[in-house]
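Below: the structure, in C-alpha cells.
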Amino acid sequence: MTHPDLSQSFVQSSAIAPGRVVWEFVPPLTSPSTAVIFLDGEIYLQSVNAVESVRQLQLDSNLPDFAAFFVSNHGQTARSEDFVCNPEYAAFLTQDLIPDILQRHESIDPQQLILVGLSLSGLAALHTSLLYPDWFQATVCQSPSMWWKNEAFLERITPATNRHGKYWISVGDQETQEDVDHSSANLHQMSSQLDSCRRTADKLTEFGYRVHFEIFSGGHDGPSWSEDLLRALPWALSEPE
C-alpha cells in the first residue's frame, strides 16, 4: 500500500517473524515529542481516513507536535493471531517497534507514547498497555473486541500500578449485536460490543485506572471511528490531569 504523505519502513522481529511494515506520517519542519502508534494500519489508513484526522490535529497549536505510525496488520490470518491477547505481539511492539521509532526519531520522548487500536486491535492495545503499564502515556481503544472468549479479558485486569497512563474506551450505540460468528477470524462473539466494553471500562475504573468511557453515535465502521478519533486523540495528547 502506498500513500503520498507517508514513508514506509519494515521493522524486523523474532517475536512475530519476520516483522511488520510500518507507515509513518511526520509533520514537516517539526521535531515531534510524541509518537502515536496505530495498530491495524491498513484499516486506519483506508477506512478511517486517519491521515486527514492526524493532519488536522497536527495543525492545532494547543497540542504537542506528534508523529503518527501505522503498523500493518499483515493480513487477516496474522490479525486474528496477533490481536487476541498475544504476548509475542506485545513484545514486538515494546521490544522491536518502539526502539526502532526512538532510534530513528531522537526528538520523541519515550514517556510520550500513545497506543491506538480498533476492534480486535483495540483489544491488543489494551492488552499490551496492561502488560507494559509504564510504557504508554495513553491508550485509545475504539470499539475494542472485549467480547473475546466470553469476556475473558476481565479476569486479566489487576489493580493499577501506573497512575499516569490513561485509557479511552469508546463504542457505538449501534454495536448491540450478540451471538455473532466472525468466520474470517475463526471467532464467535456471545456478548455485544457495547455491553462488553462497558463492563471492561467499569472494571478498569474499579481497579484504579484512569478511564474515559464514551458511547458514540454510530456503529462498527470507519466513519464512526473517524469522528471518534478527532475527540480521542486530543484527549490522549493532553497533559495528565
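The values are calculated or read from the model by the stated rules, or taken from the named source; none is laboratory data. Everything quoted here is computed from the prediction, not taken from an experiment. Cβ atoms come from the backbone with ideal geometry, glycine included; neighbour counts cover every protein chain shown.
Which of (1) among the small types (Gly, Ala, Ser); (2) touching an Asp or Glu at 6+ places or on another chain (Cβ under 8 Å); (3) modelled with pLDDT of 95 or more is the odd one out, the single condition Gly41 does not satisfy?
Condition (2) is where Gly41 drops out.
For the range 82-116, which residues satisfy the criterion of being part of a helix (DSSP H, G or I), farther than 24 Å from His164 by Cβ and under 16 Å from the mean Cα position of the chain (by Cα)?
Hit for the range 82-116 is Asp82, nothing else.
Would you point out the residue of the range 61-96, among those that are touching a residue at least 12 places away in the same chain (Cβ under 8 Å), touching a helix residue (DSSP H, G or I) at 6+ places or on another chain (Cβ under 9 Å) and charged (D, E, K, R), that is farthest from Cys141 (Cα to Cα)?
The residue in question is Asp65.
If a residue counts only when it is among the small types (Gly, Ala, Ser) and in contact (Cβ under 8 Å) with a residue 60 or more places away in the chain, which strands (runs of 3 or more DSSP E) contained entirely in the range 140-203 have at least 1 such residues?
166-172
Looking at the range 26-39, I want the residues that are touching a residue at least 60 places away in the same chain (Cβ under 8 Å) and have a partner that is in a loop (DSSP other than H, G, I, E, B) and among the hydrophobic types (A, V, I, L, M, F, W, C) with Cβ atoms under 7 Å, at least 6 apart or on another chain. Which pairs are those?
Pro32/Val26; Pro32/Ile108; Ser33/Ile108; Thr34/Ile108; Ala35/Ile108
Within the range 128-154, take every residue that is within 10 Å of the chain's Cα centre (by Cα) and not hydroxyl-bearing (Ser, Thr, Tyr) and give me the one that is nearest to Leu237 (Cα to Cα).
Once the filter is applied, the top-ranked residue is Ala138.
Please go through the range 122-152 and pick out each residue that is crowded, with 17+ Cβ neighbours inside 10 Å and either of a type in the set (Val, Ile, Thr) or closer than 13 Å to Pro87 by Cα (or both).
Answer for the range 122-152, where residues must be crowded, with 17+ Cβ neighbours inside 10 Å and either of a type in the set (Val, Ile, Thr) or closer than 13 Å to Pro87 by Cα (or both): Leu123, Ala124, Ala125, Leu126, His127, Thr128, Ser129, Leu130, Tyr132, Thr139, Val140.
Determine, yes or no, whether Ala78 is touching an Asp or Glu at 6+ places or on another chain (Cβ under 6 Å), surrounded by fewer than 21 Cβ atoms within 10 Å (Cβ to Cβ) and not polar (S, T, N, Q).
It is false that Ala78 is touching an Asp or Glu at 6+ places or on another chain (Cβ under 6 Å), surrounded by fewer than 21 Cβ atoms within 10 Å (Cβ to Cβ) and not polar (S, T, N, Q).
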